[in-house]
Amino acid sequence: MGYSWNWGVFLQPSATGDDTYLGWMLYGFKMTIGLSLSAWLIALLLGALVGVLRTVPSKTLSGLAMAHVELFRNIPLLVQLFLWYFVLPELLPKDLGDAFKQSHPVVQQFISSMVCLGLFTSARVAEQVRSGINSLPPGQKNAALAIGFTLPQTYRFVLLPMAFRLVVPPLTSEFLNIFKNSAVCSTIGLLELAAQGRQLVDYTAQPYESFITVTLAYVLINVVVMFGMRWVEARVRIPGYIGGGH
Amino acid sequence: MITMNKVSKHYGSFQVLADCTTHVNKGEVVVVCGPSGSGKSTLIKCVNGLEPFQSGEITVNGVSVGDPQTNLSKLRAHVGMVFQNFELFPHMSIAQNLTIAQIKVLGRDKAEAEVKGMQLLDRVGLRAQALKYPGQLSGGQQQRVAIARALAMDPICMLFDEPTSALDPEMINEVLDVMTELAQEGMTMMCVTHEMGFAKRVAHRVVFMDHGRIVEDDHKDAFFANPSSERAQQFLAKILQH
Ligand SMILES: Nc1ncnc2c1ncn2[C@@H]1O[C@H](COP(=O)(O)OP(=O)(O)OP(=O)(O)O)[C@@H](O)[C@H]1O
Ligand SMILES: [Mg+2]
């Protein structure tokens, strides 16, 4: 095979001249991390709320929560991204839409991507939270109410602390997914890790170096997330507690 | 203290409770028994509003449980309840299990709640376990903690739903002893239990249920000497064989 390896390519000044190709990669890496973490924050907060609402007695609230889950879980991620990026600014009140369109393109891409990934993932987090709550013994809720807690207090002090411990493992895989899914955002021009990898190939014709590096970067993210979540799991482990609901 | 007047409840067409009328006076201990599925748990959960009911009236200390205006959380804070499966909060230490509701519901400060919690742990003989977690205690110990947790709220009455039926035989007595002591101190108690020895020793009255109805509601001596219904006779014959 006539491929000529050249790892030195990363130290060459980039085509635009103001950076090295390594710098490009780092930019993409930081973009992927920033995007995924901010989307994860939205997914976690909103997903927890929606997951809780799916389990409350009020039919209206649980119905709304179910609609949220079905909507964001069943439309393909790519379609959702296009909706947020191309369609939503047209639907916003004129002032807001114009402000959005006049902002820096990177800002537009980032915000659309963050909201899109956050909401998409929130539906999946909500399902995990709901099943976590439902797998607790039903007597726990009764015991909490019986001692005088209001329903919100029952969730806050009794149901959620246990449910979150149960859902740490499935949430780990959602957390990993959000990093992988963030690559979709290159389709609206966001220069995250995968997009920078492709750009590098276009400019340097060194596809192996580029994609090996991109792959390793994703592997690194995976490893860090997995260790992080294991640490969380160990931190919240309860002495003497075996298994989930009985 | 507790009155029930013609309380009925159904799931769809299935009648779980039918015209149940009974009462528990202050300082009285009433044992509720009956075959499985007869509605005992449902009845006792109606008392603190954990189960809604469709008709009839229940009052606790003069407050109507079924009235939508009633602040149920406030009412429940002073009605202790003990469950078959203990239902301690597994992610909290024993000490926290005893203090959290005192702090969050009654608004006591932490130090005061802790003192109260330790006194009650002492009383059920478990002071040494304060820093452990529920999963580290035996069933009998967990149930004693659950009783202490309810007592920490200074309840005006206590509800028990088969507090010993999930326990290994050798642990039943340690829980019954705590309950007996409580009764002797004059606590108002409504206990669903099949422990007829406990009923004979401690109860004032026995309520017997079958198919959602209160079939007997007698002084305990009358109940054990000659139950008026055939159903209760059969039930007693069966249960006293063991
Ligand atoms: N959510 C529900 N939907 C339909 N039926 C129910 C529901 N909860 C309870 N039941 C029925 O109501 C009846 C009374 O139940 P309950 O738990 O009060 O009986 P119990 O006397 O406490 O029985 P056990 O001794 O087994 O605890 C049972 O036949 C049960 O199947
Ligand atoms: Mg029962």
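The values are calculated or read from the model by the stated rules, or taken from the named source; none is laboratory data. Owing to the predicted nature of the structure, the values given are computational and were not obtained by experimental measurement. Neighbour counts are summed over all protein chains in view; Cβ atoms, including those assigned to glycine, are modelled from backbone coordinates with ideal geometry.
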Matching residues in segment A:134-152 (under 28 Å from the mean Cα position of the chain (by Cα) and within 14 Å of another protein chain (Cβ to nearest Cβ)) number 3
Can you find even one residue in segment B:155-162 that is within 14 Å of another protein chain (Cβ to nearest Cβ), of a type in the set (Phe, Trp, Tyr) and away from ligand 2 (no atom under 16 Å from the Cβ)?
no
Taking segment B:202-235 and keeping residues closer than 26 Å to B:Glu181 by Cβ and touching a residue at least 40 places away in the same chain (Cβ under 8 Å) leaves B:Val202, B:Ala203, B:His204, B:Arg205, B:Val206, B:Val207, B:Phe208, B:Asp217, B:Lys220
Just name the residue that is nearest to the other protein chains (Cβ to nearest Cβ) out of those in segment A:153-174 that are closer than 19 Å to A:Ala123 by Cβ and among the hydroxyl-bearing types (Ser, Thr, Tyr).
A:Thr172
Which helices (runs of 4 or more DSSP H) does segment B:33-134 wholly contain that include 3 or more residues that are within 16 Å of ligand 2 (Cβ to nearest atom) and modelled with pLDDT of 95 or more?
B:40-47
Mind listing whichever residues of segment A:133-153 are more than 30 Å from B:Cys157 (Cβ to Cβ) and assigned to a loop (DSSP other than H, G, I, E, B)?
A:Ser135
Count of segment A:137-182 residues which are touching a His at 6+ places or on another chain (Cβ under 9 Å) and either of a type in the set (Val, Ile, Thr) or within 16 Å of B:His91 (Cα to Cα) (or both):
5
For B:Val29, indicate whether it is within 16 Å of ligand 1 (Cβ to nearest atom) and more than 14 Å from chain A (Cβ to nearest Cβ).
no
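Here's the yes/no breakdown for (1) more than 30 Å from A:Val158 (Cβ to Cβ); (2) at pLDDT 95 or above; (3) of a type in the set (Gly, Ala, Ser):
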{"site": "A:Gly51", "(1), (2), (3)": "no, yes, yes"}
{"site": "A:Arg54", "(1), (2), (3)": "no, yes, no"}
{"site": "A:Met66", "(1), (2), (3)": "no, yes, no"}
{"site": "A:Val87", "(1), (2), (3)": "yes, no, no"}
{"site": "A:Pro93", "(1), (2), (3)": "yes, no, no"}
{"site": "A:Asp98", "(1), (2), (3)": "yes, no, no"}
Among B:Thr22, B:Thr42, B:Thr3, which is the only one that is among the polar types (S, T, N, Q), more than 14 Å from every other protein chain (Cβ to nearest Cβ), within 16 Å of ligand 1 (Cβ to nearest atom) and surrounded by 14 or more Cβ atoms within 10 Å (Cβ to Cβ)?
B:Thr22
Filter result for B:Gln141 (within 26 Å of B:Lys45 (Cα to Cα) and within 12 Å of another protein chain (Cβ to nearest Cβ))
yes
Find the residue count for segment B:150-203, including only residues that are in a loop (DSSP other than H, G, I, E, B) and within 16 Å of ligand 1 (Cβ to nearest atom).
9
Working carefully through the options B:Gly56, B:Gly62, B:Gly66, B:Gly49, find the one that is away from ligand 1 (no atom under 12 Å from the Cβ), within 14 Å of another protein chain (Cβ to nearest Cβ) and free of Cβ contacts under 8 Å to residues at least 60 places away in the same chain.
B:Gly49
When residues of segment B:96-128 are limited to those that are of a type in the set (Gly, Ala, Ser) and either buried (at least 20 other Cβ atoms within 10 Å of the Cβ) or within 20 Å of A:Ile238 (Cβ to Cβ) (or both), the one nearest to the other protein chains (Cβ to nearest Cβ):
B:Ala101
Could you tell me which residue of segment B:129-153 is surrounded by the most Cβ atoms within 10 Å (Cβ to Cβ), considering only residues that are among the basic types (Lys, Arg) and over 15 Å from A:Ala146 (Cβ atoms)?
B:Arg144
